[in-house]
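**Q** Dropping a structure here in structure tokens format, bear with me for questions.
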Amino acid sequence: MIYIVVLSINLKLPQSLSMRKIFFPVSARNWSVVEQVVLEYDGQRAIFNASGGIYSPAEYSFHCQSVSSIQSPLLVPRSATDNANQWKLSFTDFQIQGFNVTGEDFSYASDCAGFFTPGIWMGLLTSLLMVFILTYGLHMIMQLRTMDRFDDPKGPAISVPQSE
């Protein structure tokens, strides 16, 4: 049972999370995958399908700062006519472990946040562009050559006529 406080009214929502353990030959390990979240309230049932982003190795737990059906949804309604379209579901600091649970603590968490955030990508691309410009500038400076005529000090001097 999960208790939710909405506008100072306590709602008691039975909730089920459907998880499966799947073996992927490419990684040669078992993965726990959340498939559905089912909410029941007042005789109505809302079923959200996990969009494939809620998974972790079976021996780890899954952690995500925000699992939501609102913005960047990891939970999507099962169909266009489902009651889930009337619900907005959001979990903050969500952590779950379906298999190999020992004790009361979660095992190592596989986080949903990618290693490269948009800010990191912007910094890397900007730095790469600046290194390219610096390299191009140094290459151009190293290609500067003096004219051959100035190399021989005993040769005739250059004359520049000044006539109008």
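**Q** Do any residues in region 75-87 that are assigned by TED's automatic domain parsing to the domain that holds V37 have Cβ atoms under 6 Å from those of residues that are surrounded by 11 or more Cβ atoms within 10 Å (Cβ to Cβ) and part of a helix (DSSP H, G or I), where the two are at least six apart or on different chains, and which pairs are they?
**A** Between residues of region 75-87 that are assigned by TED's automatic domain parsing to the domain that holds V37 and residues that are surrounded by 11 or more Cβ atoms within 10 Å (Cβ to Cβ) and part of a helix (DSSP H, G or I), the close pairs are P77/A84; P77/N85.
**Q** Among the residues of region 109-120, count how many are closer than 15 Å to V34 by Cα and in a loop (DSSP other than H, G, I, E, B).
**A** 1
**Q** Before we move on, is F62 free of Cβ contacts under 8 Å to residues at least 60 places away in the same chain and surrounded by fewer than 18 Cβ atoms within 10 Å (Cβ to Cβ)?
**A** no
**Q** Of the numbered conditions (1) over 16 Å from D111 (Cβ atoms); (2) without any contact (Cβ under 8 Å) to a residue 40 or more places away in the chain, T92 satisfies every one except a single condition; which is it?
**A** Unmet condition: (1).
**Q** Got at least one residue in region 119-134 being closer than 22 Å to K21 by Cβ and either surrounded by 11 or more Cβ atoms within 10 Å (Cβ to Cβ) or not small (G, A, S) (or both)?
**A** No, region 119-134 contains no residue that is closer than 22 Å to K21 by Cβ and either surrounded by 11 or more Cβ atoms within 10 Å (Cβ to Cβ) or not small (G, A, S) (or both).
**Q** Filter region 93-109 down to residues that are under 27 Å from A46 (Cβ atoms) and within 16 Å of the chain's Cα centre (by Cα), then give me how many there are.
**A** Residues that pass the stated criteria total 2.
**Q** Consider region 50-108. How many of its residues are touching a helix residue (DSSP H, G or I) at 6+ places or on another chain (Cβ under 9 Å) and part of a loop (DSSP other than H, G, I, E, B)?
**A** Number of matching residues: 3.
The values are calculated or read from the model by the stated rules, or taken from the named source; none is laboratory data. Given the structure is predicted, the values throughout are model-derived calculations rather than measurements. As a convention, Cβ positions derive from the backbone with ideal geometry for all residues, glycine included, and neighbour counts pool all protein chains shown.
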